[in-house]
There are 2 protein chains.
Amino acid sequence: MLKARIFVELKPSVLDPQGKAVTNSLNTLGYNQVADTRISKYIEILFSEGSEDEVNRQVEEICNKLLANPNTEHYHYTIEQAEYS
Amino acid sequence: MLKARIFVELKPSVLDPQGKAVTNSLNTLGYNQVADTRISKYIEILFSEGSEDEVNRQVEEICNKLLANPNTEHYHYTIEQAEYS
């Protein structure tokens, strides 16, 4: 089985209001050294079969079609062997 | 500057309805090899100062107090040097 570990992140130029809110909360709580926070999605997809090349092609499609908004987000991923019972 | 890279994930025993929905969507779209999907939060926090020990202690507190729900989620993180301009 192969597992894709996918990160979907806001582009650096796009404001992250949720991250900004966390930074403000943390500063208010006394964590004054917190300068910036970025909140992203981390997605693991488990594939029951398929070669690494095929899974790679499918993950690329899946990110473009479903997981990432190309206007505001970019993504990167790795594919690795997974042992699931 | 130090950067904390934090993963907040649902515990394996907790149902992930959002992940389930993505698995179903992908199967419907023809990606029949997709067996399971888990969706988590990935958070980067940038610290303007502080030793690695101090940042480590603060990240532990921040995860417990603000980022993770201890009933349903667990977290893990790494801390690394960051070069931000």
Under 5 Å from the placed amide H of residue A:31, counting only residues 5+ away or on other chains, we find none
Magnitude of the Cβ-charge dipole (Lys and Arg +1, Asp and Glu -1) of the protein assembly as shown about the Cα centre, nearest 20 debye, reported as 600 debye
Magnitude of the Cβ-charge dipole (Lys and Arg +1, Asp and Glu -1) of region A:40-85 about the Cα centre, nearest 20 debye, reported as 300 debye
Between the residues A:75, A:25, A:12, the Cα farthest towards the positive end of the dipole of region A:2-81, that dipole coming from +1 and -1 charges on the beta-carbon of Lys, Arg, Asp and Glu, is from A:25
Expressed in µm² per second, the diffusion coefficient of chain A from the Stokes-Einstein equation, with Rh the Kirkwood radius over alpha carbon pairs, at 10 °C and 1.306 mPa s, is 108 µm²/s
So, in nm and shortest first, the distances from residue B:5 to its counterparts in the other copies, with label points 7 Å along Cα→Cβ, work out as 0.8
With the label set 7 Å along Cα→Cβ, residue A:69 is separated from its counterparts in the other copies, in nm and shortest first, by 2.3
Answer in debye to the nearest 20: the dipole magnitude of chain A about its Cα centre, from +1 Lys/Arg and -1 Asp/Glu charges placed on Cβ, is 500 debye
Whole-Hz Karplus couplings 3J(HN,Hα) for region B:55-67, θ = phi - 60° and coefficients 6.51, -1.76, 1.60, Gly and Pro as x, run 4, 4, 5, 5, 5, 4, 4, 4, 5, 5, 7, 10, 8
For residue B:35, inter-copy label-point distances (7 Å, Cα→Cβ), nm, shortest first, read 4.4
If you rotate chain B onto chain A, the residue of B with its Cβ nearest that axis, and the gap in whole angstrom, comes out as B:42, 2
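Take every Cα pair under 8 Å in region B:2-81 that's 6+ residues apart, average their separations, divide by the length, and report that relative contact order as a whole percent.
54 percent
Throughout, read-outs are computed from the coordinates displayed, never taken from laboratory work. The structure presented is a predicted model; accordingly, all values stated were derived computationally and were not measured. Quick reminder, even Gly has a Cβ in these numbers, built from the backbone with ideal geometry, and neighbours come from all protein chains shown.
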